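Trainee: Handing you a structure now.
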Amino acid sequence: MICIVDYGLGNMESIKKMINKIGTNAIISSDKDVIEESSMLILPGVGAFDQGMINLNKMGLKDVLYTEVILRQKPILGICLGMQLMTKSSEEGTMKGLGWVKAVVKKFPQRQSLKVPHMGWNYVYGGQNQVLTDKARFYFVHSYYVDNENDSDILYKTLYSDIEFTSVFKVGNIMGIQAHPEKSHRYGMEFLRGFIANEFA
Amino acid sequence: MSLPRIIPTLLLSNYGLVKTVNYKSPNYLGDPVNAVKIFNDKNADEIILLDIQSSVNGTEPNYSLIKKIAGEAFMPFTYGGGIRSVEMAKRILASGAEKVSLNTINYDSPRILTELSKEVGSQSVVGAFDVRKDWFGRKKVYNKNRKEAKAYEPLDYARILVDRGAGELFITDVDREGTYKGYDIEFFATIAEKIDVPVVCNGGCNNRQNIKEVFQKTEVSGCAVGSLFLYSGPHKAFLLSYWTYE
């Protein structure tokens, strides 16, 4: 059973629908018991960094997530803001992130030729094992991006103008994707299928 | 640059799908959820749903319809039409829309867009406005129900919306809407060139070549397409079509 962690932010229904479409069950919940009993977790998220951390704290989810993810090493996928919250900090806010991944979140620079937010379909590339099809693309909507300290944590990169950023990272049981698989039709389904089947190992 | 976007734009009136010409004389087409499923299967980049009645009637959006549509859509989806409070917009986003589009409310209460942008992030907030030629053939900002709109020059107004916090602009050329006359490339080029957020043009798309031209000659980020995808043939029979991604 996959638990989509409900901390008040993100396209939870869409993620659930897509997981159902690829033939698995998912439950949307903020209940500690459900999170503990699930086999995999998804941390969704749309919105601002500090709001995300505030919600996680307010709902008392930090501890149970730490136990399940860090101590019990339960597979977890962070999506968009969910991915960013897993890092140490973000230029978008003043609060500390969960700090599970050695990375920080940076803002796209303010430039004439660079439209921010990065909004639209874009390609991902890299990936040691060929889990995704060759020209896999996803829908991105973000003004901030993840900057990993270790190259070995980066699974896929994406190029926006001349800025190359991490589109997918993987550190053991912890994965993060900057784009929205639930809004990336066939590519999103391909990605989620890969995550659920642990093909990205 | 990000890949250019082609965005089927569906108009709702009293919860049914309609199509208009110059935003007048709506022609009823059917169930919006079915339309979304079809665009799903054809892997459409994203879709826009505009309720053209809400603003006039002052009604609430049909949140359960929005939920249904968002649940069916495996691509991003923007909802607009009669949004007049931060709470309403947030509820629409919570119902599953990726972005909300604010148009008429920007003339009445400018701060709503700003507040909303602060709360949910500018990437989820689209500033929308219509343009129409005045008696002298100059394009001015236009709103069917707000006469004060025409005091604005389109480029100035575009900047105003961006300054207020719009993460994207959706501009409709009412003169061309539903007409198949082709997008006004010159006009949209001027706007997109000077604006730092993504600009989506709407109104007049007549063929694939027209869209290609927009992306070649302007910095427009996306083309909203209405009639071309919904109709086909001389009798305007209802037919949905989409092109495989170029």
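No lab work stands behind these numbers, since they all come straight from the coordinates. Small disclaimer: the values here were computed from a predicted structure and weren't measured. Every residue, glycine as well, gets a Cβ built from its backbone with ideal geometry; the counts of neighbours run over all protein chains shown.
Trainee: Taking the number of other C-beta atoms within 10 Å as the exposure measure, put A:E68, A:E182, B:E72, B:E213 in order starting with the fewest.
Mentor: Fewest-to-most ranking of A:E68, A:E182, B:E72, B:E213: B:E213, B:E72, A:E68, A:E182.
Trainee: Once you keep just the Cα pairs under 8 angstrom separated by 6 or more residues, what percentage relative contact order results for the stretch A:87-168?
Mentor: 27
Trainee: Going by how many other Cβ atoms sit within 10 Å of their own, how do A:D6, A:D63, A:D134 line up, fewest first?
Mentor: Working: A:D6 19, A:D63 11, A:D134 7.
Neighbour counts put them in this order, fewest first: A:D134, A:D63, A:D6.
Trainee: Of A:Q112, A:Q51, A:Q84, which has the largest mean-square fluctuation in a 10 Å C-alpha GNM of chain A?
Mentor: Per the Cα network of chain A with a 10 Å cutoff, A:Q112 tops the list.
Trainee: Something else about it: How well do other chains shield peptide B:134-146, expressed as the mean number of their Cβ atoms within 10 Å of each residue Cβ?
Mentor: Neighbouring Cβ atoms belonging to other protein chains average 0 per residue here.
Trainee: Another question, if that's okay. Give a residue-ordered list of calculated ³J(HN,Hα) values for the stretch A:30-36 (Karplus: 6.51 cos²θ - 1.76 cosθ + 1.60, θ = phi - 60°; whole Hz; x for Gly, Pro).
Mentor: Listing the rounded values in order: 10, 7, 4, 4, 5, 4, 5 Hz.
Trainee: Next question, about the same structure. Give the average, rounded to an integer, of partner chain Cβ atoms located within 10 angstrom of each Cβ in A:17-25.
Mentor: 1
Trainee: Nothing charged except the Cβ atoms of Lys and Arg (+1) and of Asp and Glu (-1): what's the magnitude of the dipole of the stretch B:108-185 about its Cα centre? Round to the nearest 20 debye.
Mentor: With Lys and Arg at +1 and Asp and Glu at -1, about 280 debye.
Trainee: So what are the radius of gyration and Dmax for the Cα set of the stretch A:110-151, in Å?
Mentor: Using the Cα atoms of the stretch A:110-151, the pair Rg, Dmax is 13.0, 37 Å.
Trainee: Hey, another quick one. Shape call for the stretch A:119-201 from the C-alpha gyration tensor, a ≥ b ≥ c root eigenvalues: rounded (a/c under 1.5), prolate (a/b greater than b/c) or oblate?
Mentor: In terms of gyration-tensor shape, oblate.
Trainee: Still on this structure, please answer the following. To the nearest 500 deg cm²/dmol, what mean residue ellipticity at 222 nm is calculated for chain B from DSSP H runs of n ≥ 4 alone, each contributing -39,500 (n - 2.57), summed and divided by the residues?
Mentor: -9000 deg cm²/dmol
Trainee: State the answer as a single residue: which of A:M83, A:H180, B:N40 lies farthest towards the positive end of the charge dipole of the protein assembly as shown, with beta carbon charges of +1 for Lys and Arg and -1 for Asp and Glu, about the Cα centre.
Mentor: The one lying farthest along the dipole's positive direction is B:N40.
Trainee: Can you classify chain B as rounded, prolate or oblate using the Cα gyration tensor, where a ≥ b ≥ c are the square roots of its eigenvalues, rounded means a/c under 1.5, and otherwise it's prolate if a/b beats b/c and oblate if not?
Mentor: rounded
Trainee: Looking at the stretch B:104-165, I'd like the Rg to Rh ratio, where Rg is from alpha-carbon atoms and Rh is Kirkwood's inverse mean 1/r.
Mentor: Values: Rg = 12.4 Å, Rh = 12.2 Å.
With Rg and the Kirkwood Rh in hand, the quotient comes to 1.01.
Trainee: Over chain B, with a Gaussian network built from C-alpha contacts below 10 Å, which listed residue (B:P110, B:P32, B:P61) shows the highest mean-square fluctuation?
Mentor: Comparing B:P110, B:P32, B:P61 in a Gaussian network model of chain B, the most mobile one is B:P110.
Trainee: At q = 0.09, 0.11, 0.21 Å⁻¹, what log₁₀ I(q)/I(0) does the stretch B:1-133 have when each alpha carbon counts as one equal point scatterer in the Debye sum?
Mentor: -0.25, -0.37, -1.36
Trainee: State the antiparallel share, in %, of DSSP beta bridges confined to chain B, rounding to the nearest 5.
Mentor: Here the antiparallel bridges make up roughly 30 percent for chain B.
Trainee: Could you give the C-alpha radius of gyration of the protein assembly as shown expressed as a fraction of 2.2 N^0.38 Å, taking N as the number of residues it contains?
Mentor: On the way: Rg = 21.4 Å, N = 447, 2.2 N^0.38 = 22.4 Å.
Taking N as the residue count of the protein assembly as shown, the ratio is 0.96.
Trainee: Positive end of the dipole of the protein assembly as shown, charges at C-beta (+1 Lys, Arg; -1 Asp, Glu), about the Cα centre: which of B:V131, A:Q51, B:F77 has its Cα farthest in that direction?
Mentor: Comparing the listed Cα positions along the dipole, B:V131 ranks first.
Trainee: Same structure, new question: Of B:L161, B:L49, B:N143, which is farthest along the charge dipole of chain B in the positive direction, counting Lys and Arg as +1 and Asp and Glu as -1 at C-beta?
Mentor: Result: B:N143, furthest along the dipole toward the positive end.
Trainee: Based on C-alpha coordinates, I'd like the Rg and Dmax of the stretch A:1-114, in Å.
Mentor: Cα radius of gyration and Dmax of the stretch A:1-114 are 14.5, 49 Å respectively.
Trainee: Contact order normalised by length for chain A, with contacts defined as Cα pairs under 8 Å and 6 or more residues apart; what percent is it?
Mentor: Once normalised by length, the contact order is 19 percent.
Trainee: Across peptide B:39-51, how many C-beta atoms of other chains are within 10 Å of each residue C-beta, on average?
Mentor: Average per residue, whole number: 2.
Trainee: With +1 on the Cβ of every Lys and Arg and -1 on the Cβ of every Asp and Glu, and nothing else charged, how large is the dipole of chain A about its Cα centre, in debye rounded to the nearest 20?
Mentor: The dipole of chain A has a size of about 380 debye.
Trainee: Give me B:K19, B:K147 sorted ascending by neighbouring Cβ count inside 10 Å, so fewest comes first. Mind dumping the intermediate values first?
Mentor: Values: B:K19 22, B:K147 10.
Exposure proxy ranking, most exposed first: B:K147, B:K19.
Trainee: While we're looking at this one, here's another question. Can you classify the stretch A:16-68 as rounded, prolate or oblate using the Cα gyration tensor, where a ≥ b ≥ c are the square roots of its eigenvalues, rounded means a/c under 1.5, and otherwise it's prolate if a/b beats b/c and oblate if not? List each step's numbers first, then the result.
Mentor: On the way: a/c = 2.81, a/b = 1.40, b/c = 2.01.
Oblate, because a/c is 1.5 or more while a/b does not exceed b/c.
Trainee: Per-residue ellipticity at 222 nm for chain A, helices alone: DSSP H runs ≥ 4 residues times -39500 (n - 2.57), over residue total, nearest 500 deg cm²/dmol?
Mentor: -6000 deg cm²/dmol
Trainee: Continuing with the same structure: What would the Debye equation give as log₁₀ I(q)/I(0) for the stretch A:43-88 at q = 0.25, 0.26, 0.27, 0.30 Å⁻¹, counting only Cα atoms as equal point scatterers?
Mentor: -0.96, -1.02, -1.08, -1.21
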